[in-house]
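For reference, the structure discussed in these notes is given below.
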Amino acid sequence: MEHIPDINLLKILLDKIANLTFVAQGGFKAVYKGTYRGETEAIKVVWIPQDLNGEDLRDEIAGRVTREIEALRKIETPFIARLGTFLPQLFKIGEYEYLIYSEEFLDGKNLRSKLQQNHKPDITELKTLAVSIFEAIRILKAHDLIHRDIKPDNIIALKDNTRPFVILDLGIAFKLHGSGLTRNPIYRPGTLPYMAPEMFNPHFRDTIDYRSDLYSAGVTIYEYASGKHPIAKRGEDDYTTMYRIVKVAPIPLASHRPDLPPEFCQIIDQLIKKLPALRPSVIDTLSKKMEELS
Amino acid sequence: MKLYAQHGFGPGDKVREGIREGIIDGVIYSARYEKQSNITKDIEEIKQYAERSDILLDPEIYACFHAGLPDAQLGGLTDWPFFAAYRRSQLETTEIVDRILEDTLTVLINLPLTAIIAPNIYIPRSFNSIEAVIAKNFIRRTRSAFAHKEDKRRVFSTLAVGRDTLLDQMEFESFLNDITALDNPPDGFYLLIGGGMTEERTDLSQSEIMHADVIANWMLLNYTLSLNGFIVINGCSDILTPFLGGVGGHAGATGWWTNLRMFSMNRYIRSVSGGRLPLVRYLSNSILNRITFSEREAIAALVPEINNGLPHDKDYEGKEPQRNIEVLQTWEAIADLNKRLVTADTNENLSRLERSVNLAEAAYENISMLGIQLNVEAKKEYVAALREGIRTFKRNAEI
């Protein structure tokens with residue numbers, strides 16, 4: 001994140017939040033852990049840039065935060081992080097503007113860090129992960145939302161049987177049938193290696209639906225299961241990755257993990273098909289098939 | 001995979017006999033040829049032979065644009081209370097779509113059918129057309145119209161399209177993306193793929209349907225719809241039935257006339273031709289095609305695999321069989337192909353289908369080496385379309 005605020009200034013500014021410590025940062029956002037009204041929460045500090053270049057960046061970032069908060073407020077599921085008790089407020093720190101709010105603090109590791117530790121999940125863990133993500137997508141769909149950024153970095157593994165995996169960061173979630181919050185027609189929200197092929201269609205805002213999330217879920221589960229991304233190769237440029245997403249069929253998951261049930265591998269392979277109609281779209285059936293796997 | 005009788009003109013006792021022999025699993029009645037006053041009695045007769053037969057009725061609303069034409073040939077369709085003439089512009093209004101659904105479903109749910117086929121219009125040329133928008137509206141509104149009836153049976157949306165719609169890959173895939181993610185979908189689809197015939201009385205193998213892209217995308221429709229939880233019934237699928245079942249189709253259908261083996265909107269226009277009835281033919285599974293009685297006589301001794309080795313073969317021994325036998329032999333042959341080529345594993349099915357196409361080509365080579373000239377209907381060019389169709393399907397389905 002650019003212009004990350006000094007933590008001591010933050011502590012002064014957010015004097016009602018105790019034990020503030022830095023956790024992580026992304027493109028426009030830094031995350032801290034803190035205690036507010038007796039609850040440990042994730043304090044999110046979002047830098048709101050000045051719109052100097054006329055690219056609507058300020059509105060874009062503010063729009064993202066607003067959507068995330070609105071979405072989190074409405075959604076009731078253990079598989080998506082919940083909104084915290086510190087309500088969104090604008091702050092000026094030095095010459096920069098920030099929007100600060102809180103989410104529940106999830107004490108666990110994200111899948112990226114587990115991948116970096118060469119963790120090799122078994123079928124039980126993979127089934128649980130799949131069903132958790134499917135359930136989150138189902139709930140988002142019921143609210144006419146798509147997440148658009150499902151990836152290992154945005155999924156936290158918890159030591160809690162009732163919510164073993166939780167999805168974070170609804171910041172670029174997209175309200176289907178709503179107003180187009182991202183106005184720049186060239187800009188594609190999301191993280192390139194996890195973007196569905198239809199996102200590269202010039203009219204993608206008219207055509208995307210929750211099956212784009214199912215695609216990202218498939219890529220995430222494939223990578224978590226095998227330790228290898230099904231599409232992107234390390235060190236290659238974005239254009240090559242884009243070409244691969246749109247044109248190149250991934251190697252079947254079973255070739256990396258022959259020990260997994262073939263039915264599991266087939267479902268994941270089917271979720272990362274290029275044509276949305278080729279991805280199984282009945283989420284209840286997907287979850288049921290996963291649960292029935294031995 | 002199930003096989004149904006595609007009902008039409010002059011049914012006689014063919015459907016009952018097919019059910020009694022266990023070579024078909026049910027019937028798709030034609031509203032044009034089945035009277036509302038007779039259908040309950042006819043269904044009861046069928047159920048005497050097989051209580052669990054599937055009984056459907058195609059309301060054929062897609063013929064509604066023909067109703068005002070001077071050369072329209074609608075048979076008894078206009079006697080059904082739900083049928084009326086419409087202009088395309090009228091159906092752009094959702095209220096009228098809802099009224100047609102309501103009127104048709106009200107009649108159909110009061111019949112002893114095992115599942116309900118909901119009405120729709122025909123998309124002749126393109127999925128990027130007003131007809132496609134109207135057809136999607138029918139599909140979207142079918143479930144809610146049916147839900148009001150509180151009927152426990154399955155409801156199928158009709159999807160009747162011209163073969164030309166399947167030739168534009170981008171438009172077709174965009175349509176597929178739309179109908180596979182409906183919010184309140186029907187239980188399944190009743191598919192009809194229409195094509196013209198190269199000439200009167202010609203067969204499916206010589207029709208416009210036998211084009212690699214048409215075959216591939218008819219297969220892709222079955223594959224994607226079944227993958228997304230829909231039950232797919234193919235009308236007028238004849239010899240293509242196992243090709244559709246191999247990729248997820250639930251049922252196919254065929255009947256006793258050419259226009260029941262291949263769907264064409266021409267059936268609703270009065271034909272200028274008349275004259276003789278087509279020759280009685282034999283469906284040989286080894287060449288995936290029909291040959292005449294005399295061709296079979298000439299070939300069988302030298303190329304024995306031309307015979308299916310099934311019970312109705314004996315009807316063709318020594319003399320030309322009665323015309324009503326022809327469809328029973330067809331059903332028996334296709335049911336046998338379904339049994340041999342369709343398993344629960346799509347990849348295995350595709351291998352088996354490819355093998356059966358290769359065998360058909362080899363059988364044609366054997367016949368050709370014997371110097372036997374087959375009738376025009378049995379020419380082998382369509383085998384290449386089948387092979388290319390499977391290959392194209394695999395590419396489009398990312399298999």
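For chain A, a Gaussian network of Cα nodes joined below 10 Å ranks A:Ala130, A:Ala62, A:Ala142 by mean-square fluctuation, and the top entry is A:Ala142.
The label-point distance for A:His119 and A:Gln25, in a model that sets each label 7 Å from Cα toward Cβ, rounds to 2.5 nm. Peptide B:172-182 is shielded by partner chain Cβ atoms: per residue, an average of 5 of them sit within 10 Å of its Cβ.
Peptides B:284-290, A:65-71, B:67-73 ordered by packing proxy, namely the average of other Cβ atoms within 10 Å per residue, highest first: B:284-290, A:65-71, B:67-73.
Separation of the alpha carbons by more than 18 angstrom is noted, of A:Lys247/A:Lys274; A:Lys33/A:Lys109; B:Lys2/B:Lys35; A:Lys247/B:Lys394; A:Lys44/A:Lys141, for B:Lys2/B:Lys35; A:Lys44/A:Lys141.
Angle check, please: helix B:36-49 long axis (alpha carbons) against the longest principal axis of chain B (alpha carbons), in degrees 0 to 90, nearest 10. Tilt relative to chain B: about 50 degrees. Count Lys and Arg as plus one, Asp and Glu as minus one, and take only other residues whose Cβ is under 10 Å from that of B:Lys380; the net charge is then -2. Over the Cα atoms of region B:222-262, the radius of gyration divided by the Kirkwood radius equals 1.03; this is the Rg/Rh ratio. Find how many whole Å separate the alpha carbon centroid of region B:91-124 from the alpha carbon centroid of region B:1-52. Centre-to-centre (Cα) distance: 21 Å.
Charging the Cβ of each Asp and Glu at -1 and of each Lys and Arg at +1, and nothing else, the dipole of the protein assembly as shown about its Cα centre rounds to 700 debye. Taking every DSSP bridge with both residues inside chain B, close to 15 percent are antiparallel. In terms of the mean number of neighbouring beta-carbon atoms within 10 Å, the peptides B:389-395, B:121-127, B:145-151 order highest first as B:121-127, B:389-395, B:145-151.
Reducing region B:308-377 and region A:85-158 to their Cα centroids gives an inter-centroid distance of 57 Å. The label-point distance for B:Leu359 and A:Ile12, in a model that sets each label 7 Å from Cα toward Cβ, rounds to 8.6 nm.
Among the trypsin sites (Lys or Arg not before Pro) in region A:1-35, those located in a DSSP loop and surrounded by at most 13 other Cβ atoms within 10 Å of their own Cβ are A:Lys16.
If you look at the Cα atoms of chain A, you get an Rg and a Dmax of 19.3, 58 Å.
Rg/Rh for region B:183-303 stands at 1.03; both radii use Cα atoms, and Rh follows the Kirkwood definition.
Seen against the Cα atoms of chain A and their longest principal axis, helix A:211-226 is set at about 80 degrees. Taking the DSSP beta bridges in the protein assembly as shown as the whole, what percent of them are antiparallel, to the nearest 5? So the antiparallel bridges amount to about 55 percent of the total.
The mean number of Cβ atoms from other chains found within 10 Å of a Cβ in peptide A:218-227 is 0, as a whole number. Peptide B:22-30 has a mean of 0 when you count, residue by residue, the C-beta atoms of other protein chains within 10 Å of its C-beta.
Computed over the alpha-carbon pairs of region B:82-203, the distance histogram in 5 Å steps reads 2, 11, 20, 22, 19, 13, 9, 4, 1, 0 percent, short to long.
Rule-based calculations on the coordinates, nothing more; no lab input. In this text, all values refer to a predicted model and were calculated from it rather than measured experimentally. Quick reminder, even Gly has a Cβ in these numbers, built from the backbone with ideal geometry, and neighbours come from all protein chains shown.
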